[in-house]
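None of the figures in this text is laboratory data; all of them are computed from the coordinates on show. Every value quoted in this text rests on a predicted model; they were computed, and no experiment measured them. Cβ coordinates were reconstructed from backbone atoms using ideal geometry, including for glycine residues, and neighbour counts include every protein chain displayed.
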Amino acid sequence: MQNKESKIKIINLISEIKKQEDVLVGLKTRSLDHKFCYVGTKGADKWLAMLNDPEYRQIAEANREKFFQNNLDDISKNFPKNGLNIIALGVGDGLKEKVIIEFLEKNDFTNIHYYPVDFSKELLDVAINNAKHLKCKITGVLADIKSDDFAKFIRDNFSDVKQTSLFLMLGNTFGNFHDQYGILDTLYGVLKTQDYFLFDVVIKRHNNKLDYMRDFEKNMQTIQNPKRVDHHQNYLVEELGFKKNYGHAEVRVFSTDMNNNVLKREHYFVFDRNVLVDFGGEKINFAKGERIKLQDVSWYEENYVVSFFEGHGFEVLGKYKIGTSGFFLVKIK
Ligand SMILES: C[S@@+](CC[C@H](N)C(=O)[O-])C[C@H]1O[C@@H](n2cnc3c(N)ncnc32)[C@H](O)[C@@H]1O
């Protein structure tokens, strides 16, 4: 029998130089990509602590279990029984992927090759660890899914038209991408016509941004870690050496369209004083009152998601609403 460890490989597509350039551009334009919230032990630990918060866990776990109990049978009918690549974009702790693959393996799907993908090395390690017991082959990919290197990796490994791939983007990762059209470009770059894309977003349940904000503030104090906003500052604190007294967190909410189809929450770091930041030999001035955007989270109207994908050349094969999440299975037409 093949040694289990030999079934696990890790590929690193992240160049440290590119990462530094990204941060520098982010600091200069006052907008850091949300992927930086999860890197470093602090970023990863805070995210895992939030996921493992018993109250949050109960809700998330209950939703996830309900979703898979009710729908995996239906969803998996689309997939070939022998030979499937599962590529988890922004895998995080990989617990949802674990449940999906356990189900497939129990139901005699064979020759599964699982590719957990994340920008955070710390989270990728957690995801791989959570998948070790599975029968499938595992190739962990440390990558920025929006990078050319990742697109090339996909082309090099998945261009065989006979192979079916299931791309996953779970845990509202789709809603974290600031630019929905940019993420569509990524998908066009990686999906072939026989591939599937399964993702979930948070379904909007407020009619306007004020209700959303009130609910968010209430949740901040009850369901989730009360210090959760701090989570978004970890990269600044750990990797850039920002001091606590440089500034504070701020959250803004707005709708991206007249009909409130998408409500967006933006997380900022606001400077309380003038600060000169030295990064990679460059000095960047931040004036008191200036802000750096650290993360977006969008909540969507269910029908809007369907028309958005249909309007961009996708076929929606299934939509499943569970609690606050909407799961969608789509493929390119
Ligand atoms: C909202 S979390 C969701 C994690 C997980 N899928 C879940 O359901 O709990 C977003 C994840 O995407 C990763 N991520 C964000 N932007 C990324 C990028 N450009 N490339 C690769 N991973 C990214 C983050 O590191 C994080 O693990």
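In a reduced charge model with +1 at each Lys and Arg Cβ and -1 at each Asp and Glu Cβ, the chain shows a dipole moment near 200 debye about its Cα centre. Note on K96: aspartates and glutamates with a C-alpha under 18 Å away, same-chain residues under 8 apart excluded, are D53, E55, E61, E65, D73, D74, E105, D118, E122, D125, D200.
Can you give the local net charge around G247? Use residues other than it whose beta-carbon is closer than 11 angstrom to its beta-carbon, Lys and Arg +1, Asp and Glu -1. Provide the component values of the computation, followed by the final result.
Numbers: positive: K243, K244, R273, K288, R291; negative: E250, D272, E290.
Surrounding charge for G247 is +2.
Counting only DSSP beta bridges with both residues in the chain, the antiparallel share comes to about 60 percent.
The angle between the Cα long axis of helix 180-190 and the main principal axis of the chain comes to about 40°, on a 0 to 90 degree scale. From most to least packed by mean Cβ count within 10 Å, the peptides 35-44, 160-169, 89-98 give 89-98, 35-44, 160-169. Our note on the geometry: Cα centres of the stretch 164-182 and the stretch 59-91, 15 Å apart.
Here's how it looks for V91: its modeled amide H is under 5 Å from those of V117, D118, which are all 5 or more places away or on a different chain. Rounded to the nearest 500, the helix-only mean residue ellipticity at 222 nm of the chain stands at -11500 deg cm²/dmol, with each DSSP H run of n ≥ 4 adding -39,500 (n - 2.57). In terms of Cα atoms, the Rg and Dmax of the chain work out to 20.0, 63 Å.
May I ask you to order 311-323, 280-292 by the average number of other C-beta atoms within 10 Å around their residues, highest value first?
Details: 311-323: 14.5, 280-292: 12.6.
Sorting 311-323, 280-292 by mean packing, highest first, produces 311-323, 280-292.
Charged neighbours of E21, selected by a Cβ distance under 15 Å, balance to -3 (K, R count +1; D, E count -1). Cross-link pairs exceeding 31 Å between alpha carbons, from the set K7/K204; K204/K244; K35/K288; K98/K331; K35/K77; K106/K192: K7/K204; K204/K244; K35/K77. Taking amide H as placed 1.01 Å from N in the peptide plane, the amide H of G318 sits under 5 Å from that of L329, each at least 5 places away or on another chain.
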